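Novice: Quick one: the structure is below, and I'll ask about it shortly.
The values are calculated or read from the model by the stated rules, or taken from the named source; none is laboratory data. Bear in mind the structure is a predicted one, so any value in this text is a computation, not a measurement. Counting neighbours? That spans all protein chains shown, and the Cβs are built from the backbone with ideal geometry, glycine included.
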């Protein structure tokens, strides 16, 4: 583990030196990718990111996994920052501003001020990072969750999401059963993930409970075909498509209703995630593959 991390850090430094010497434009996607990889290889936690277009239920899904209303959810687009959820004995929030001022507060009410979109649907430009600490078994294992702003709204949010995906070890892409996967979602899957060496990806279909039973089967079958076409790299025996009705799952967790949690599909996803994370943490090959992909891209462009 230690040798692999040191090798990746050395590769990152070499790439950083190359882009500095060649004075590559600050806004180029290549430079942003290389900088993101540098941060990625220094992170000792296993990062699980959840992303989707606005109003697909990604924050609700994360809250269901955490078992409480930790992250802001509403009927309008809310997440306006990359929110890192890490282990802590007590629920608290830490906001770091661009001037390096740190604001810490118990609970997560402060997220409404610093980590949600304003009236113009823009992110708070004062915020450098947002961290939430809570007591959860997966987080205690050295896992951190990453709740990302919704895509397909503003270019600024899209850039942030694309950069953060490169720093994540496992990706959950939430799919809306009412819309299936749009062409733009498929293009993002290809361009933001697979073409950048990010192939540890799980699709989670939300809102399937809003269809009639036969329609549920038809929609799931069509999404099964889409999921198989992407060929995500996961441990043997694990699917890359799971059905989770996020809101019923969260309600079941809050009420302590295990039957409702089971019916929502969350229990199956939780079980799969725990095993996948344990196996990937042991193997630690995915980070090297990510670097190799970006290095090949950089050789072509530098």
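Novice: How do the pairs read when you match residues in region 177-189 that are within 12 Å of residue 158 (Cβ to Cβ) with residues anywhere that are part of a loop (DSSP other than H, G, I, E, B) and at pLDDT 85 or above, using Cβ under 6 Å and keeping only pairs 6 or more apart or on different chains?
Specialist: If the second residue must be part of a loop (DSSP other than H, G, I, E, B) and at pLDDT 85 or above, no pairs are left.
Novice: Pairs only if they're at least six apart or on different chains, beta carbon under 9 angstrom, first in region 120-141 and on the phi > 0 side of the Ramachandran plot and at pLDDT below 90, second outside any loop (DSSP other than H, G, I, E, B) and surrounded by 13 or more Cβ atoms within 10 Å (Cβ to Cβ); list them, first residue then second.
Specialist: Close Cβ pairs satisfying both conditions: 121/157.
Novice: More than 22 Å from residue 190 (Cα to Cα), at pLDDT 95 or above and assigned to a helix (DSSP H, G or I): is that true of residue 254 in this structure? Before the answer, list the steps.
Specialist: On the way: more than 22 Å from residue 190 (Cα to Cα): yes; at pLDDT 95 or above: no; assigned to a helix (DSSP H, G or I): yes.
Answer is no for this residue.
Novice: Taking region 137-164 on its own, how many of its residues are over 21 Å from residue 63 (Cα atoms) and more than 16 Å from the chain's Cα centre (by Cα)?
Specialist: Final tally of qualifying residues: 4.
Residues are listed down the side, and each one gets a yes or a no for (1) surrounded by fewer than 13 Cβ atoms within 10 Å (Cβ to Cβ); (2) at pLDDT 80 or above; (3) touching a strand residue (DSSP E or B) at 6+ places or on another chain (Cβ under 6 Å); (4) within 19 Å of residue 49 (Cβ to Cβ):
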| residue | (1), (2), (3), (4) |
| --- | --- |
| 232 | no, yes, yes, yes |
| 262 | no, yes, no, no |
| 287 | no, no, no, yes |
| 292 | yes, no, no, no |
| 297 | no, no, no, no |
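Novice: Looking at 194, 180, 170, 203 in this structure, which one is touching a helix residue (DSSP H, G or I) at 6+ places or on another chain (Cβ under 6 Å) and within 25 Å of residue 272 (Cβ to Cβ)? Lay out the reasoning, then the answer.
Specialist: Values: 194 fails: touching a helix residue (DSSP H, G or I) at 6+ places or on another chain (Cβ under 6 Å); 180 fails: touching a helix residue (DSSP H, G or I) at 6+ places or on another chain (Cβ under 6 Å); 170 fails: touching a helix residue (DSSP H, G or I) at 6+ places or on another chain (Cβ under 6 Å).
After applying the criteria, what remains is 203.
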